[in-house]
Amino acid sequence: MAKSVTSAPRAARLHLVEAVEQRLNEFLSYERARWSAVDERAAVPVDAIADLVRAGGKRLRPVFCVSGFLAAGGDPEDRVIVDVAAGLELVHVAALIHDDVVDDSPLRRGAPTVHTRHAADHAERGLRGESRRYGEGVAILSGDLCDVYADRLAAELPPRARAVWGELRTEIMIGQFLDVAVAAESVADPELSRWIAICKSGRYSIHRPLVLGAAVAGRHDLAAAFEEYGTALGEAFQLRDDLIDFGDSTATGKPVGLDLEQHKMTLLLVRAAQRDPRVREQLRRPDWDPAVLRGLLDEADATADIEHYIGELTERAKESIAQAPIDQPWRDELAALAITVAYRDR
């Protein structure tokens, strides 16, 4: 008999992620019908959320949440895990909508961002007020509604899992604020940049979803193992994002080069500044030239340095999960996921 190319853990994970997808579609369809019955305009923020959800995405947070749950021996028929994993995707969508406003990004997943689209609609219709403020208002409220929906989906979490959920939500906000503050103040502190990257992205993408899934399954003893794996892989995840920002917008579906234009103190930039005095000198300037800095980063071979570090972090994640108190098939599956996450192209 030919061996199946899909492992049992992967098949179980895919089954639950499909259930998460269905839950998201059903939930958002219900909300749209509910509010459009009041007034078609009331469905605008729901549509903004639904459009972004249905535009695709990696579903990384649900993937790690259901993986943590299943690796911990959770029952695949437990509907709480489907709801909370769907809620995690909405936390992510809310963060994207708000982040696009903060970064003034025009594209997301190959389409105009929420604030850009509604600012253009305001201008085309000749509505009253300022188009930019209108578009940003729609985006902020849509993101807020998305967070409300996420909390509704997480309503049945047991108490200890609820604590993980609250910490995850808090870390995103604090990490995002510090990202803005450090860019504005031009703080080139490698440890702070690393903490921000892990806090605003890595933890809520990998570490916390894994721990959350295990907590729903009642396996709180897995928190330490999942933290070690998730912290290393979360940093690799964010570093890959830094490299993707140097890539091709047609592949990523969003603008590239924004980090330099917005004075973001990324890990890539801060590590390059440690190695090259010319980069450090540029960072001291009150308003650096992104093109000049990009050239210096290329000359300093900054991307090769980051690629090497990503490799180290990925190996660290794989080594840590190899010691986790879970079944071997799940150790193998999480090691494979580490490779997928660290070497993605978008």
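What you get for the chain, charging only the Cβ of Lys and Arg (+1) and of Asp and Glu (-1), is a dipole of about 500 debye around the Cα centre. About its Cα centre, segment 157-346 has a charge dipole of approximately 620 debye under the convention of +1 per Lys or Arg Cβ and -1 per Asp or Glu Cβ, with nothing else charged. Select one label from (i) 71, 47, 37; (ii) 58, 55, 42; (iii) 64, 43, 43: the one whose number is Cα extents along the principal axes in Å as derived from the coordinates shown. Here Cα extents along the principal axes in Å agrees with entry (ii). Mean silhouette area of segment 255-346, derived from the convex hull of its C-alpha atoms and averaged over all directions, reads 7.2 nm². Size check on segment 131-257: the Cα extents along the three principal axes, sorted descending, read 45, 35, 32 Å. Taking one quarter of the surface of the convex hull spanned by the alpha-carbon atoms of segment 94-150 gives a direction-averaged projected area of 3.9 nm².
Dipole of segment 157-346 computed with +1 at Lys/Arg Cβ and -1 at Asp/Glu Cβ about the Cα centre; of Pro209, Leu233, Val182, farthest Cα towards the positive end is Pro209. Taking trypsin sites (Lys or Arg not before Pro) across segment 124-199, the ones in a DSSP loop with at most 11 further Cβ atoms lying within 10 angstrom of their Cβ are Arg128. Ordering Phe177, Phe64, Phe27 by the number of other Cβ atoms within 10 Å of each residue's own Cβ, fewest first, gives Phe177, Phe27, Phe64. Based on the Stokes-Einstein relation at 25 °C and a viscosity of 0.890 mPa s, and on the Kirkwood radius from alpha carbon pairs, segment 157-346 is assigned a translational diffusion coefficient of 140 µm²/s.
I need the shape label for segment 8-156. Rule: rounded when a/c is under 1.5, else prolate if a/b > b/c, else oblate, with a, b, c from the alpha carbon gyration tensor. Prolate, since a/c reaches 1.5 and a/b exceeds b/c. Put in order of Cβ neighbour count within 10 Å, fewest first, the listed residues Arg23, Arg208 become Arg23, Arg208. With helices as the sole contributors, the chain gives -23500 deg cm²/dmol at 222 nm; each DSSP H run of n ≥ 4 counts as -39500 (n - 2.57), and the sum is divided by every residue.
Per-residue Cβ neighbour counts within 10 Å put Tyr309, Tyr343 in the sequence Tyr343, Tyr309, beginning with the fewest.
FYI, it's all coordinate maths here, none of it is from the lab. This structure is a prediction, so every number in the text was calculated from the model and none was measured. FYI the Cβ positions are ideal-geometry reconstructions off the backbone, even for glycines, and counts take in every protein chain you see.
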